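Trainee: Take this structure first; my questions come after.
The values are calculated or read from the model by the stated rules, or taken from the named source; none is laboratory data. Since the structure is predicted, the reported quantities are computational estimates derived from the model, not experimental observations. Methodologically, a virtual Cβ is constructed for each residue, glycine included, from the backbone with ideal geometry; neighbour enumeration extends over all protein chains shown.
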Amino acid sequence: MIKIAQLLLLLALPLLSSAQTVDDILSKVLTKLNSVKDYKVSATIKANIPMIKILPNEATIYFKQKDKFKVESKGITILPKQGFTDINNFLAKKDYIAVINDTVTTGGVKTYLISVIPNSAGGEMILAKLWIDPERSVIMKSQITTKSNGTVTTSYTYGDQVKYGLPSKMVFEIDIKKFKLPKSVASDINKSSAEKKKKIGNKGTITITLTDYQVNKGLSDSLFK
């Protein structure tokens with residue numbers, strides 16, 4: 001009986017080790033993100049969406065813990081929140097099951113591919129897949145599936161703000177059938193014929209280049225009203 005119990009324990013050790021490792025990896029990512037109390041950053045947004053023309057747009061983005069988020073822009077701004085605040089908030093709740101699926105090279109960096117599934121079915125998030133660089137504790141790529149926006153895949157590039165886990169560039173791939181676009185943009189797509197939609201496809205990209213970060217300067221709450 002003792003030998004059987006020992007054998008079962010030996011078989012379980014890799015699973016236990018993996019569970020501890022994944023918790024440690026996610027905890028380090030979250031600690032880095034939580035070191036950012038607030039920031040202001042300049043953004044250049046380029047949207048490449050079938051059937052519509054949107055000129056590159058300049059914007060200023062403001063963020064303050066834990067979920068204050070504001071965008072100032074003179075033009076049409078298409079900005080998925082999945083890559084900015086949704087992941088942070090989701091991980092902070094720690095109400096999920098996380099599993100390491102594989103090791104994958106992403107953008108020349110060896111990453112752990114981690115699947116994160118919420119324990120509760122009542123939230124917006126359905127599934128998160130995260131490609132995490134364990135050396136720098138940053139997310140290199142994410143694939144977030146939500147109830148309202150479908151699946152959004154995001155690739156991250158880092159520069160001088162990597163110590164905070166803040167990217168210098170983000171590329172979002174969206175499903176335009178499910179993604180919530182501004183009404184004026186969505187109406188242009190809806191006017192297009194079914195044949196034209198089929199030829200062009202349903203995928204679009206949004207590229208955001210981020211410069212001139214001002215981190216932890218003490219943004220006022222009144223800024224977000």
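Trainee: Could you list, in sequence order, the residues of region 30-76 that are touching an Asp or Glu at 6+ places or on another chain (Cβ under 6 Å) and of a type in the set (D, E, K, R)?
Mentor: 64
Trainee: So residue 75 fits all but one of (1) farther than 23 Å from residue 146 by Cα; (2) at pLDDT 85 or above; (3) more than 18 Å from the chain's Cα centre (by Cα); what number is the exception?
Mentor: (2)
Trainee: Something else about it: Would you check if there is a residue in region 142-155 being in contact with a helix residue (DSSP H, G or I) (Cβ under 9 Å, 6 or more places away or on another chain), touching a residue at least 40 places away in the same chain (Cβ under 8 Å) and exposed (fewer than 14 other Cβ atoms within 10 Å of the Cβ)?
Mentor: Checked region 142-155: no residue is in contact with a helix residue (DSSP H, G or I) (Cβ under 9 Å, 6 or more places away or on another chain), touching a residue at least 40 places away in the same chain (Cβ under 8 Å) and exposed (fewer than 14 other Cβ atoms within 10 Å of the Cβ).
Let's see how each residue does on (1) closer than 14 Å to residue 29 by Cα; (2) in contact with a Ser or Thr (Cβ under 8 Å, 6 or more places away or on another chain); (3) of a type outside the set (A, V, I, L, M, F, W, C):
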position	(1), (2), (3)
99	no, yes, no
103	no, yes, yes
117	no, no, no
133	yes, yes, yes
139	yes, no, no
143	no, yes, yes
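Trainee: If you don't mind, there's one more thing I want to ask. Can you tell me which residue among 163, 169, 129 is farther than 26 Å from residue 60 by Cβ and surrounded by fewer than 22 Cβ atoms within 10 Å (Cβ to Cβ)? Quick ask: steps written out before the conclusion?
Mentor: On the way: 163 fails: farther than 26 Å from residue 60 by Cβ; 169 fails: farther than 26 Å from residue 60 by Cβ.
Of the residues listed, the single one that is farther than 26 Å from residue 60 by Cβ and surrounded by fewer than 22 Cβ atoms within 10 Å (Cβ to Cβ) is 129.
Trainee: Return yes when residue 53 is free of Cβ contacts under 8 Å to residues at least 12 places away in the same chain and either loosely packed, with under 14 Cβ neighbours inside 10 Å or β-branched (Val, Ile, Thr) (or both) and no when it is not.
Mentor: Here the answer is yes, as residue 53 does meet what is asked.
Trainee: Moving on. Yes or no: residue 185 at pLDDT below 95, in contact with a helix residue (DSSP H, G or I) (Cβ under 7 Å, 6 or more places away or on another chain) and either loosely packed, with under 13 Cβ neighbours inside 10 Å or not charged (D, E, K, R) (or both)?
Mentor: no
Trainee: Continuing with this model, one more query. Return the only residue of 173, 124 being acidic (Asp, Glu), within 20 Å of the chain's Cα centre (by Cα) and at pLDDT 90 or above.
Mentor: Going through 173, 124 in turn, the sole match is 173.
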